[in-house]
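Trainee: Okay, handing you the structure first.
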């Protein structure tokens with residue numbers, strides 16, 4: 001890694017270390033979102049590690065975290081994944097990025113402390129400078145990243161309480177299908193909206209299985225296999241939504257579609273969601289962002305917003321009324337926050 005000095009006007013880069021694909025997003029100096037700054041396939045070792053955590057609901061992770069040899073190997077996996085996406089980001093930018101927030105697959109939270117240590121130890125040139133120091137890295141949840149990526153308008157569609165609102169996140173990867181509820185407080189208060197994964201419904205398992213179970217005539221018609229996939233995915237959606245309290249149905253706000261599966265698999269997922277969800281024609285589908293980069297974009301939005309807020313904290317945002325009266329207009333001296341960007345740039 002070259003660790004070249006970054007441009008002071010860049011916002012922090014948001015990263016998603018997905019099970020099968022690593023992505024980076026950021027806001028450029030014109031405050032425009034670059035949804036996919038960089039995208040590289042995950043290594044086989046990282047994919048096996050993250051998919052294993054999804055399959056066993058994190059139990060193996062808890063055992064590994066307590067074992068020095070296993071935790072050291074996990075730290076190396078994480079460092080390698082970070083190096084891969086940061087090198088790709090640096091090549092795209094032409095200079096070293098600043099790490100803002102990092103999103104990881106579900107069930108990795110047991111390793112947050114370990115990963116934080118690796119970030120500070122192995123990537124010093126990417127630390128997010130702030131007030132002459134660096135910010136503590138935040139590893140944020142998938143659900144939090146989703147809310148920032150689409151800036152979900154909680155509480156604006158009806159008069160019901162925001163605390164009861166929820167959105168369905170459908171995340172389709174080569175190795176699994178994952179469904180989870182997204183709620184205003186990040187973590188849903190009811191267990192019926194907890195995350196659930198189906199390894200047998202990942203694209204790699206699904207398409208070969210359906211092709212092998214068809215006749216030779218069916219194989220000649222891709223729509224037959226596609227239809228079988230749609231039915232299997234729809235059954236999973238129905239099974240996930242079935243325990244949901246019927247009284248909550250009025251607070252269902254839509255679906256976020258995400259993941260690194262192929263366009264064909266994602267098309268099947270969209271059809272399945274339309275078939276399985278009640279009032280599908282009135283359901284808001286959040287699927288306009290590059291589906292593999294939804295989570296890294298959410299991390300980038302959060303990083304941008306954090307930096308903007310921090311600029312205001314870095315200066316005294318009170319107006320000196322004496323200066324205002326004596327000069328007759330709001331000068332930079334009267335409004336110190338007008339100089340926030342200059343102040344921020346001087347740190348680098």
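Each value in this text was obtained by applying a stated rule to the coordinates, not by laboratory testing. Only a predicted model underlies this, so the values are computations on that prediction, with no experimental measurement involved. Methodologically, a virtual Cβ is constructed for each residue, glycine included, from the backbone with ideal geometry; neighbour enumeration extends over all protein chains shown.
Trainee: Order of 16, 286 from fewest to most other C-beta atoms within 10 Å?
Mentor: Fewest-to-most Cβ neighbours within 10 Å comes out as 286, 16.
Trainee: Taking 8 Å as the Cα distance limit and 6 or more residues as the minimum spacing, I'd like the relative contact order of region 13-63 as a percentage.
Mentor: RCO, region 13-63: 29 percent.
Trainee: Something else about it: Express in nm, to one decimal, how much length is gained between residue 70 and residue 239 on full extension, taking 0.36 nm for each residue of separation and deducting their alpha carbon distance. Mind showing how you got there, number by number?
Mentor: Working: separation 169, 0.36 × 169 = 60.84 nm, distance 3.53 nm.
Stretched out fully, the residue 70 to residue 239 stretch lengthens by 57.3 nm.
Trainee: Test of understanding: ordering 177, 68 by Cβ neighbours within 10 Å, fewest first, what list do you get?
Mentor: By the 10 Å Cβ count, ascending, the order reads 68, 177.
Trainee: While we're on this one: Provide the gained length on full extension for the span residue 60 to residue 28, in nm with one decimal, where the gain is 0.36 nm per separating residue minus the Cα-Cα distance.
Mentor: Gain on stretching residue 60 to residue 28: 7.6 nm.
Trainee: How many nm separate the modelled label positions at residue 283 and residue 151, each set 7 Å beyond the Cα in the direction of the Cβ?
Mentor: 2.6 nm
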